[in-house]
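Here the structure is laid out as structure tokens; the discussion comes afterwards.
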Amino acid sequence: YQATRSEVSESTDRFLESRAIEVTRGIREQPGNPPLRPNRANTNDLGNGANGAIDDAATLLPRLPFDPDAIVQVIDRDGVALSSGSNELPITDAVERLIVERPRPGESAPDRYDDVEIDGTSYRMYTRALQGGGAIQVARSTTENDAVLSVLVSRIAIIGLIAAVLAAFAGWWIARRTTRPLRRLADVAATVADTRDFSIDVPVGRPDEIGQLAGSFREMLTALETSREQQHRLVLDAGHELRTPLTSLRANVEMLQR
């Protein structure tokens, strides 16, 4: 959003500067009120040979504003607007200070950008100093830019919501896939705790940390099973070693009793 907003703003600024340069160099006409001229089609429609036909056609022609895509205003060195387009642009203190600056030939003309409001509508205004004194102002409404950014915000919100849902589902699926071996290990540990059976098989089959944990758990169960077998063998050996002297003592006690 920020990148698009910056690009739209820079595009508007480039347009305003280009329009001001075109008017300054005479590529475009300065704003004014030239007499309207009827086209030939309208003149023929009103009649042939009538003296008032041209005047009547002129009144029927629409009065188009100067450069409807922008407002151009020329200011003299005294800060008075000589000519203006559809609306009169404001002359701020910063613009008045810019008017008195006269750039020398070959030098870059001082300029500035301002955000102004005219009749409740936001405009982006560009002011450029003229060599002979005065300045030229070009302004363009930012309504279209605001509409584009508003639509962009809505689309970003929808895309962000969809992306969040997809990311949540993907995270849930990855988490379940990742923790599945851990759940199996937990089940094995619970079975061992209930049955005291150390010979239960522990699935490994993974080269990652979970596989290493499963391998260590299997080795631990194997060591416990070995330890229990050794303890059982020790008890059997001790019982066997104690049985012989006890039998001899029992025989001696019985003989003494007799």
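Among residues belonging to segment 216-258 that are touching a residue at least 12 places away in the same chain (Cβ under 8 Å) and of a type outside the set (D, E), point out the one that is nearest to D201 (Cα to Cα). Going through the qualifying residues, I end up with R218. Which ones in segment 74-95 are assigned to a strand (DSSP E or B) and either farther than 16 Å from A129 by Cβ or open to solvent by less than 70 Å² (accessible area, probe 1.4 Å) (or both)? If the condition is that a residue be assigned to a strand (DSSP E or B) and either farther than 16 Å from A129 by Cβ or open to solvent by less than 70 Å² (accessible area, probe 1.4 Å) (or both), then V74, I75, A81, S83, S84 are the ones that fit. Please give the number of the condition A53 fails out of (1) modelled with pLDDT of 50 or more; (2) farther than 19 Å from A139 by Cβ. Status for A53: all satisfied but (1). The condition of being out of contact with any Gly (no Cβ under 9 Å at 6 or more places or on another chain) and at positive phi holds for only one of D119, D146, D93, that being D119. Within segment 142-157, residues that are under 21 Å from Y126 (Cα atoms) sit with their Cβ atoms under 9 Å from residues that are open to solvent by 70 Å² or more (accessible area, probe 1.4 Å) and in a helix (DSSP H, G or I), at 6+ positions apart or across chains, in these pairs: N145/R5. Do the conditions hold for T222, that is, is it more than 60 Å from the chain's Cα centre (by Cα), in a helix (DSSP H, G or I) and of a type in the set (S, T, Y)? Here the answer is no, as T222 does not meet what is asked.
Filtered by the rule that a residue be modelled with pLDDT under 85 and either surrounded by 17 or more Cβ atoms within 10 Å (Cβ to Cβ) or closer than 15 Å to N145 by Cβ (or both), segment 102-129 gives a lone residue, A109.
Looking at this structure, is R155 within 30 Å of A70 (Cβ to Cβ), loosely packed, with under 12 Cβ neighbours inside 10 Å and not acidic (D, E)? Yes. Going by the conditions given, is E107 acidic (D, E), in a helix (DSSP H, G or I) and under 30 Å from L16 (Cα atoms)? So E107 fails the test. All conditions in (1) in a loop (DSSP other than H, G, I, E, B); (2) open to solvent by less than 60 Å² (accessible area, probe 1.4 Å) hold for V138, with the sole exception of (1).
Only one entry of P62, P31 meets the criterion of being open to solvent by less than 100 Å² (accessible area, probe 1.4 Å), in a loop (DSSP other than H, G, I, E, B) and at pLDDT 55 or above, and that entry is P31. Tell me yes or no: at least one residue of segment 173-181 is assigned to a helix (DSSP H, G or I), open to solvent by 60 Å² or more (accessible area, probe 1.4 Å), modelled with pLDDT of 95 or more and of a type in the set (F, W, Y). No - not one qualifying residue is present in segment 173-181. No other residue among V165, V188 is open to solvent by 80 Å² or more (accessible area, probe 1.4 Å) and out of contact with any Gly (no Cβ under 6 Å at 6 or more places or on another chain) apart from V165.
Name the residue that is modelled with the lowest pLDDT, counting only residues in segment 201-233 that are open to solvent by 100 Å² or more (accessible area, probe 1.4 Å) and not charged (D, E, K, R). Here the residue is P207.
The values are calculated or read from the model by the stated rules, or taken from the named source; none is laboratory data. What you see is a predicted model; the values in this text were computed from it and never measured. Positions of Cβ are generated from backbone atoms using ideal geometry, with glycine treated the same way; all protein chains shown enter the neighbour counts. These area figures cover heavy atoms from the full protein model, side chains too; ligands, DNA and RNA do not enter into them. Shrake-Rupley method; radii C 1.70, N 1.55, O 1.52, S 1.80 Å.
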